[in-house]
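The values are calculated or read from the model by the stated rules, or taken from the named source; none is laboratory data. As the structure is a computational prediction, the values presented were derived from the model and not from experiment. All Cβ positions, even for glycine, are placed from backbone atoms using ideal geometry, and neighbour counts span all protein chains on display.
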C-alpha cells in the first residue's frame, strides 16, 4: 500500500542515525556514505508521496493498525507533501555540500539524520502530542549540530538555542495539555470537531484561546518570530557553515509549517470567526516580525547575520499568510515556505563558498568578488532577486498570493507591510550586489596568487585558516549545489498550476467547513 511511505519517511533516517555510531568502531569516515544512502531513499519516498498526493489525494497511515482518534495517524496531503519534498531534497543537497565542506565526524551525521527524521515526523504527523515528540527530537539534534564547530561562540549559541527552544516546546506542550483536558483527544481532526463544540458555547472560548495562545507562542519561538527570535542570529552565525545551510533552509521552515497546520487543521478558520482576538493577535505578531526582521537585516554588516534577520521577516510573512486564513494567502504561505527553504539554503551555501575562497564574512569583504568568483556570485544574485520577489521566481509567486489574499480580505495593513518588506529586502540585496560588482576597485582585497578554481575566478584561500566554521575546501559539487538551487528557484516560479492542483483538495476542505 502507498501509505507505507509515511512511516518509512520517519523510520529510515532515525534507524540510519544509529549506523554511523556503530560503524565508528571500525572507521570514522562512514558517516557521510550512510547519510547519503538514507537521504537518497528519503528523496525517493518523498517523490512517491508527492506523486500519490498529486494524483490521488490525501494519504493516511494508522500506526500499529490502531484507528483514530485513539491511535496515531500519519497524514500526507497537499499541505504536508511539499514540505516533505523540501526536507528530502535539501537534506540530500546539503550532503553534497558537506562532502568537501565537512564536518566529517560520524557523530555529526548521526545528529544530522536524527534531525531529518524529526523534521519528517513534524511534517506528516496527525497527532498533536506526536508533533511535540518530533519537535523535541528535532530540537535536540539541532542543538548538537549548532555546537558541532566546538568553538566557544558556537557552544554559547547552542546553549541559547537550547534554553529558548526548550521553552518554546514547553509552551507548546502546555497548549496541547489545555486542548487535551478540554476534549480528551489529541488527534488533530478529532480535536477540530470537539474544540468547535467548546468555543461556540458561551464562555467556552477562554480555554480554547488559552490553548491557542500557548501553542502559537511556542511554535512562534521555534520559528523565530520577532520578538521571539533572539536565538536565531547567533545560531546561524556561529554554527559551521554546512549546519547553517541545513537549519536555515529547514528547521524554522518546518516549525512555521507546524504552526500553519495547527491553525488550519486543529483550530480551523471557524475559530478565527468565533474569536477574532486570536486572529488579530497572530496577525499583529506576524506583521511586527516582517517589519522588524526586514529593518534589522538591512542594517547588518555580517552577511550570515543579515540573512538570519531576513529569515525573521520571511517567517513573519508565512505566519501572516496562515493567520489571514484565505485560500490565496494559505496557498502563498505554502509556496513561500518551499521557496524560502530553497532560497535561504542557497544563499547561505553561496556565502559559505565565498568565505572559504576569500575569507569574506562581511558586506565590505564582498568588494569585487563578482569578478573573482563569477559563477557563485551570479547564483547569489539570482537567489537574492528571488528573495526580493522579482519574477519569474518562486519568491515572487509566494509573495504575490500572500499579498492577493491580504487585498481580498481587505487586510490593508498586511498588504502594506508586505510591500514595505519587499523594499527593505531590495535594500540589503542591493548592498551585496553593489559590493560584488560595483565597488571601487581600490577597496577590494588583493588576491593571493593561486590557480584557477572551479567557477573561473582566482583563489585567494590562505593555508592558515582561523575561522573554524569555514569549509576546508571548495569543490565542484559545492558550486553545483548553489547553481542548481538558483535554477530551481527560477523554474518553480512557473509552477503555479502545480501548486494549485496539489493544494486544492486541502483548501476546499479547510474553507468549506
_Per-region count, the range 292-323, residues buried (at least 24 other Cβ atoms within 10 Å of the Cβ) and assigned to a loop (DSSP other than H, G, I, E, B)_ = 0
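Evaluate the following for residue 211: is it under 27 Å from the mean Cα position of the chain (by Cα) and either surrounded by fewer than 19 Cβ atoms within 10 Å (Cβ to Cβ) or closer than 23 Å to residue 133 by Cβ (or both)? So that I can check it myself, show each step before the final result.
Details: under 27 Å from the mean Cα position of the chain (by Cα): yes; either surrounded by fewer than 19 Cβ atoms within 10 Å (Cβ to Cβ) or closer than 23 Å to residue 133 by Cβ (or both): yes.
Answer is yes for this residue.
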_With the structure loaded, tell me whether residue 186 is within 29 Å of the chain's Cα centre (by Cα), surrounded by 15 or more Cβ atoms within 10 Å (Cβ to Cβ), over 18 Å from residue 264 (Cα atoms) and modelled with pLDDT of 85 or more or whether it fails that test._
no
*Find all pairs meeting these conditions: Cβ atoms under 7 angstrom apart; at least six residues apart or on different chains; first residue within the range 408-424 and more than 18 Å from residue 310 (Cα to Cα); second residue not in a helix (DSSP H, G or I).*
408/326; 409/326
*Among (1) outside any helix (DSSP H, G or I); (2) touching a helix residue (DSSP H, G or I) at 6+ places or on another chain (Cβ under 7 Å); (3) at pLDDT below 85, which single condition is residue 21 missing?*
(1)
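Out of 375, 414, 407, which single residue is assigned to a helix (DSSP H, G or I), within 21 Å of residue 296 (Cβ to Cβ) and touching a helix residue (DSSP H, G or I) at 6+ places or on another chain (Cβ under 9 Å)?
On the way: 375 fails: within 21 Å of residue 296 (Cβ to Cβ); 407 fails: within 21 Å of residue 296 (Cβ to Cβ).
After applying the criteria, what remains is 414.
Restricting attention to helices (runs of 4 or more DSSP H) lying wholly within the range 62-179, give those where 3 or more residues are surrounded by 19 or more Cβ atoms within 10 Å (Cβ to Cβ) and over 19 Å from the mean Cα position of the chain (by Cα). Walk me through it before giving the result.
Numbers: elements: 81-101, 106-124, 128-146.
Because the criterion is at least 3 residues that are surrounded by 19 or more Cβ atoms within 10 Å (Cβ to Cβ) and over 19 Å from the mean Cα position of the chain (by Cα), the helices (runs of 4 or more DSSP H) in the range 62-179 that meet it are 106-124.
Here are some residues: 131, 120. Which one is touching a strand residue (DSSP E or B) at 6+ places or on another chain (Cβ under 9 Å) and either under 26 Å from residue 193 (Cα atoms) or in contact (Cβ under 8 Å) with a residue 12 or more places away in the chain (or both)? If you could, list the steps in order and put the result at the bottom.
Numbers: 120 fails: touching a strand residue (DSSP E or B) at 6+ places or on another chain (Cβ under 9 Å).
Criteria check complete, one pass: 131.
How do the helices (runs of 4 or more DSSP H) wholly within the range 189-291 filter down when requiring 3 or more residues that are in contact with a strand residue (DSSP E or B) (Cβ under 8 Å, 6 or more places away or on another chain), more than 30 Å from residue 353 (Cα to Cα) and without any contact (Cβ under 8 Å) to a residue 60 or more places away in the chain: which remain? Step through it out loud before you land on a result.
Details: elements: 205-222, 232-238, 241-261, 268-274.
Correct list: empty, since no element meets the threshold.
From the list 483, 470, pick out the single residue that is modelled with pLDDT of 70 or more and within 27 Å of the chain's Cα centre (by Cα).
Working: 470 fails: modelled with pLDDT of 70 or more.
Result of the check over 483, 470: 483.
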_Single unsatisfied condition, residue 266 versus (1) modelled with pLDDT of 90 or more; (2) under 20 Å from the mean Cα position of the chain (by Cα)_ = (2)
_Give all pairs with beta carbons closer than 8 Å in which a residue from the range 490-502 that is more than 21 Å from residue 384 (Cα to Cα) meets a residue that is surrounded by fewer than 13 Cβ atoms within 10 Å (Cβ to Cβ); count only pairs at least 6 apart in sequence or on separate chains._
none
